[in-house]
Amino acid sequence: MRHRSQNIPPKQQAIATFGAGCFWHVEETFRQHQGVLSTSVGYMGGHFANPCYLDVLSRITGHAEVAQVHYDPEQISYSNLLDIFWDCHDPTTLNRQGPDRGEQYRSVIFWHTSEQAAMAKASKAQLNAAGTYPNPIVTEIKPASDYWIATADHQQYLAKKSKQRKRASRP
């Protein structure tokens with residue numbers, strides 16, 4: 001299913017899109033924060049229409065696995081979301097997070113407004129200048145493009161698995 005990033009959410013909402021390795025972890029990290037209204041996982045930044053998980057995994061589409069975050073900017077700022085993004089992964093490893101390797105796991109910020117672009121670039125520059133990480137940040141900062149939502153089994157995957165484990169451990 002295709003979701004156009006150009007769609008404008010209601011006034012009380014904004015959209016942010018981040019790639020930081022496997023989208024399950026990224027989504028779950030953002031879901032924990034007050035002001036995040038909803039999340040979904042999918043694919044962005046490639047050249048292949050309507051990719052499925054196996055297409056992206058095969059590295060033929062150019063897409064990154066991403067978490068798309070709908071948030072209330074009155075409750076959580078884009079700056080706060082950037083802090084969460086930087087903290088949830090290693091932005092200095094190219095096309096890799098932990099054991100996951102490939103361009104689909106790249107560190108990337110897809111901006112939806114020129115204000116988001118400026119904030120993301122400034123945040124990255126500030127972290128590099130401060131020497132926050134032992135190596136330079138390789139995170140890409142790109143304009144949002146078509147967002148291809150992943151299938152339902154990938155949505156809130158870690159939350160679902162946690163509930164299943166809890167049910168299975170009951171006597």
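The values are calculated or read from the model by the stated rules, or taken from the named source; none is laboratory data. What you see is a predicted model, and the numbers here were worked out from it, not measured in a lab. Glycine gets a Cβ as well: all are built from the backbone with ideal geometry, and neighbour counts include every protein chain shown. When the accessible area is computed, the model is the full protein with side chains, heavy atoms only, and any ligands, DNA or RNA have been set aside. Shrake-Rupley method; radii C 1.70, N 1.55, O 1.52, S 1.80 Å.
Seen from every direction in turn and averaged, the convex hull around the alpha carbons of the chain projects onto 10.9 nm². Summary value for the chain: 32 percent relative contact order, contacts being C-alpha pairs under 8 angstrom separated by 6+ residues.
Projecting the Cα atoms of 110, 136, 54 onto the charge dipole of the chain (Cβ charges, centred on the Cα centre) puts 54 farthest toward the positive pole. Residues considered: 132, 17, 151. Largest GNM mean-square fluctuation over the chain, using C-alpha springs under 10 Å, is found at 132. Take segment 56-158 with all the other protein chains still there, run a 1.4 Å probe, and you get 47 Å² of accessible area per residue.
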